[in-house]
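Shown next, in structure tokens, is the structure this report addresses.
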Amino acid sequence: MPNTFVTLQQGSTGPDVFRLQDALKQLNYYSGASDGNFGPITKQAVIDFQQARGLTADGIVGPSTWSQINILVRNQWRRMNESEEIEEIKSLIDSPIGVAALNQLALERFISGFGCTRSFYVNKLYGREQTLMRVECDPSGGISAAVGYHEVRVRFNRFEGHLEGFDIERFSEESGSPIIQLPED
């Protein structure tokens, strides 16, 4: 959990809003575009979340709201064991979409030969229909010499067991740490 919270409200923009929208999507409160713009649809999703959690329903995302979001999303993920990781890697290699995601990471130098470690997670709510690969690098790497990313997360979405798509989220000194903390074990 970050030590500081960015307070967000309607009119806010940027990567913190994108992370908020993504978290609210994972919790089924938001179905709009994760575009980094805190508009009326995001505000209503925040109010709905706050009401459901017994928080002040003002549509402003401060420390209490961030804390509740983080608790729920963190508890939504479970780290895979070794045999599950092997099965996940095979599944990615057997899918053109999985290969595309892995190629993107390789192009951005997020592979173990460059000081990176990986871990896999499964969504407790959706099971193998949603998995996540976390790649952490020391030293920072990535697509730009100007921005060194220290962590990349790739979320894989499946429908009836078939890989349908993936989303990549990158974290650097400039963008800050992920708001959603994943379990370590």
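Taking the stated definitions as given, is Ser34 surrounded by 14 or more Cβ atoms within 10 Å (Cβ to Cβ) and touching an Asp or Glu at 6+ places or on another chain (Cβ under 8 Å)? Here the answer is yes, as Ser34 does meet what is asked. Inspection of the range 99-113 identifies at least one residue that is over 21 Å from Asp16 (Cα atoms), at pLDDT 85 or above, aliphatic (A, V, I, L, M) and surrounded by fewer than 17 Cβ atoms within 10 Å (Cβ to Cβ). The number of residues in the range 131-164 being on the phi > 0 side of the Ramachandran plot and either assigned by TED's automatic domain parsing to the domain that holds Val61 or at pLDDT 80 or above (or both) comes to 2.
For beta carbons closer than 6 Å, sequence separation of 6+ or different chains, a first residue in the range 148-174 that is in a strand (DSSP E or B) and a second that is of a type in the set (S, T, N, Q), the qualifying pairs are Tyr149/Ser140; Tyr149/Ser172; His150/Ser140; Phe156/Thr131; Asn157/Gln130; Leu163/Ser95; Glu164/Asn157; Gly165/Asn157. Ser83 meets all of the listed conditions (1) under 22 Å from Glu184 (Cα atoms); (2) under 21 Å from the mean Cα position of the chain (by Cα); (3) polar (S, T, N, Q) but one, namely (2). Residues of the range 10-40 that are under 19 Å from Ser177 (Cα atoms) and touching a Pro at 6+ places or on another chain (Cβ under 8 Å): Arg19, Gly36. Can you spot a residue in the range 41-58 that is part of a helix (DSSP H, G or I), at pLDDT below 95 and under 16 Å from the mean Cα position of the chain (by Cα)? Taking every residue of the range 41-58 in turn, none turns out to be part of a helix (DSSP H, G or I), at pLDDT below 95 and under 16 Å from the mean Cα position of the chain (by Cα).
For the range 69-110, the tally of residues that are part of a loop (DSSP other than H, G, I, E, B) and touching a residue at least 24 places away in the same chain (Cβ under 8 Å) stands at 7. Test Asn37 against the stated conditions and say whether it is out of contact with any Leu (no Cβ under 9 Å at 6 or more places or on another chain), under 20 Å from Glu184 (Cα atoms) and not assigned by TED's automatic domain parsing to the domain that holds Arg153. No, not satisfied. With respect to being part of a helix (DSSP H, G or I), touching a Ser or Thr at 6+ places or on another chain (Cβ under 8 Å) and acidic (Asp, Glu), Asp22 fits the description.
The values are calculated or read from the model by the stated rules, or taken from the named source; none is laboratory data. All values reported here derive from a predicted model rather than from experimental measurement. Cβ: placed from backbone, ideal geometry, glycine included. Neighbour counts: every protein chain shown.
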